[in-house]
Amino acid sequence: MTLTPPIPPESYADFLTPEELRRIQLHRLREIVTLAYDNVQLTRKRMTDRGVKPDHLKSLADVRNLPFMEKNDLRDTYPYGLFARPMKDIVRLHASSGTTGKPIVVGYTREDLAVWTNVMCRTMAACGLHAGDVVQNAFGYGLFTGGLGAHYGAEGLGATVIPISGGNTERQILVMQDFGVTAICSTPSYFVHLIESIEKMDGSFGKMKLRTGVFGAEPWTEGMRAYIQDRAGIKAYDIYGLTEIIGPGVATECCRQSGLHVFEDHFLMEVVDPKTGASVPDGEEGELVLTTLSKRATPMIRFRTHDITAMVSAPCPCGRTLRRILRVTHRSDDMMIIRGVNVFPSQIESALLKVETSLPHYQIVLLRKEGLDQIEVQVEVTEEMFRDRIGALEQLQRQFTSAIEHVIGLRAEVRLVEPQSIARSQGKAKRVLDKRNEGGAP
Amino acid sequence: MKVKQLSVFLENKPGRLGHPCEVLAAAGINILTLCLADTEKFGLLRLIVDDPEKARKALEKAGCAVNVADVLAIEVADHPGGMEAVLAVLEPAGINVDYMYAFTLKRGRNAIMIVRFSDTDKAMDLLKKNGINVLKSVALYEST
């Protein structure tokens, strides 16, 4: 058995016997479903409609009788409709983008934060971090869960955390060189941007102590991992999580870099057919469905992540008994992940409609320039929009840009294009063109 | 008299200007003068043609975004201070020149300027009162 040294006490739960693990899961499942049934109107109503009660849960397989939850449930009950605990018990709020204008809000009790810190400690430990590491946390701090999640995990492990947050590339490089940074947390695409910036400045990773990268918040490929490991001379690990469930800390790779261990003591996983909702056999591809076993503020029961993966039940040579999922590379819906931010085409559409009441034809083009994701929104000029003055057209461009930024929190490059210039297939325009993985560099 | 000017939206990339010109040629429309304005991302082709209505229909049918605006064709004396004399009439009245461009040929000793004003009617009144020749569209076509 190969263990990455040293294993902190928090990680002991990674090595439970399957029997112990299932017993803990069933116990926690009953507790959390009871909490949601008693306190969340939507859960109670849906369970009642199906004729199920919390005490019908006799085994873990019985979870399949419970109704699913969707991201839209958070939108429909915005902001606090799914909270199972009173506000006096909520010590933290985080938010993520919803499918249209408004964000979705999740809450954490003090115990929830302890669970989150625990799973993030275990994440960092599985990536080989320990006390003595100097961790540059380049995930964004704020409503986004990445920054604070990684922060508490690394700090909980006893590592030295540099809470630098995202952006300001020059300062990131200065800190990485001068502070003796041994590990970095960021989105993989931002790290590629750092690599390219360092190379442009004639800098070298050879002189740095950087050894490990903990990357997440967006899908990335094995090709990108090879590029990062080769160019920066580090080990690059994939971590997985989502705001609705807890943030980062749902699953992580270990030293084997072969699938992500799900922290099953806190999250119950199922893989289902995205169309029928029926469970698929182990090893087959399907949509990941998660139930929070320990989260009290906003318990999620059978939450449809829309992330496509497959469950790996074979034991991992690292010794962890937690089952694994394959890297998530695509989704069953049209959600895009841009610089770690979740964006739906419907959000961009709603922003365009705020400026022009009759929706113009548009196309979202995702590009990667120097490692950074860029969004370009091409809008076909219509008779109604067209003005003879350059200033008026530029103002229209600015209005689109600011409406989009207002909704998704990211700056998109709006480009006015000629009528009929966006390709249509069977009369319907293809809304998203993802060109991020085209060309040489990832 | 006001002159009808057509504006066509163009993306700022090679080959885009050819399309509207081809469309007009095919429809047998003569371009009397034109002006191309550009920004980093897009361009505007402004045209004075012999049959603006026919040209508009042809361009729209070919999928172009077309805008029709009223502009004035003004005779400006071709000597130092000629342009200044025109502006001196308009500026005190708060009329703004949005843009202007020169016509391709002269009328006698005078140049002809195509001007888009913030207030076309007011500009026309003032110019006429001050003895500046605003060409009738007919006169404009005849001069070619």
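Checked against the criterion of being surrounded by fewer than 16 Cβ atoms within 10 Å (Cβ to Cβ) and either within 18 Å of residue A:340 (Cβ to Cβ) or touching a His at 6+ places or on another chain (Cβ under 9 Å) (or both), the candidates A:166, A:158, A:241, A:247 yield just one match: A:158.
When the criteria are applied in full, residue B:8 fails the requirement of being under 20 Å from residue B:101 (Cβ atoms), open to solvent by 30 Å² or more (accessible area, probe 1.4 Å) and either free of Cβ contacts under 8 Å to residues at least 24 places away in the same chain or within 11 Å of chain A (Cβ to nearest Cβ) (or both). Only one of the numbered conditions (1) modelled with pLDDT under 95; (2) open to solvent by 50 Å² or more (accessible area, probe 1.4 Å) is not met by residue A:101, and that is (2). Answer yes or no as to whether residue A:182 is of a type in the set (S, T, N, Q), crowded, with 24+ Cβ neighbours inside 10 Å and under 25 Å from residue A:258 (Cα atoms). The answer is no for residue A:182.
Of the candidates A:414, A:355, A:407, the single residue that is within 12 Å of another protein chain (Cβ to nearest Cβ), under 24 Å from residue A:335 (Cα atoms) and in contact with a helix residue (DSSP H, G or I) (Cβ under 8 Å, 6 or more places away or on another chain) is A:414.
Regarding residue B:70, is this residue more than 14 Å from chain A (Cβ to nearest Cβ), at pLDDT 90 or above and surrounded by fewer than 16 Cβ atoms within 10 Å (Cβ to Cβ)? Answer is no for this residue. When the stretch B:93-110 is filtered for residues that are more than 14 Å from chain A (Cβ to nearest Cβ) and open to solvent by 50 Å² or more (accessible area, probe 1.4 Å), the ones remaining, listed by number, are B:94, B:102, B:104, B:105, B:106, B:107, B:108, B:109.
Cβ-Cβ distance below 8 Å, separation of 6 or more or different chains: which pairs start in the stretch A:386-402 with a residue that is more than 8 Å from every other protein chain (Cβ to nearest Cβ) and end on one that is part of a helix (DSSP H, G or I) and open to solvent by less than 30 Å² (accessible area, probe 1.4 Å)? Note: pairs meeting the criteria are A:400/A:351; A:400/A:352.
Let's see how each residue does on (1) more than 19 Å from the chain's Cα centre (by Cα); (2) closer than 18 Å to residue A:312 by Cβ; (3) of a type outside the set (S, T, N, Q); (4) part of a strand (DSSP E or B):
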site	(1), (2), (3), (4)
A:245	no, no, yes, no
A:249	no, no, yes, yes
A:264	no, yes, yes, no
A:271	no, yes, yes, yes
A:283	yes, yes, yes, no
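For the stretch A:305-321, residues that are in contact with a Gly (Cβ under 6 Å, 6 or more places away or on another chain) and among the small types (Gly, Ala, Ser) total 1.
Residues are listed down the side, and each one gets a yes or a no for (1) more than 10 Å from chain A (Cβ to nearest Cβ); (2) farther than 18 Å from residue B:112 by Cα; (3) surrounded by fewer than 18 Cβ atoms within 10 Å (Cβ to Cβ):
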| residue | (1), (2), (3) |
| --- | --- |
| B:21 | yes, yes, yes |
| B:28 | yes, yes, yes |
| B:36 | yes, no, yes |
| B:45 | yes, yes, no |
| B:48 | yes, no, no |
| B:58 | yes, yes, no |
| B:66 | no, yes, no |
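Being touching a residue at least 12 places away in the same chain (Cβ under 8 Å), open to solvent by 20 Å² or more (accessible area, probe 1.4 Å) and not charged (D, E, K, R) narrows it down to one of A:18, A:9, so name that one.
A:18
The values are calculated or read from the model by the stated rules, or taken from the named source; none is laboratory data. What you are looking at is a predicted structure, and each value in this text was computed from that prediction instead of being measured. Counting neighbours? That spans all protein chains shown, and the Cβs are built from the backbone with ideal geometry, glycine included. Note: areas computed on protein heavy atoms with side chains; ligands, DNA, RNA excluded. Shrake-Rupley method; radii C 1.70, N 1.55, O 1.52, S 1.80 Å.
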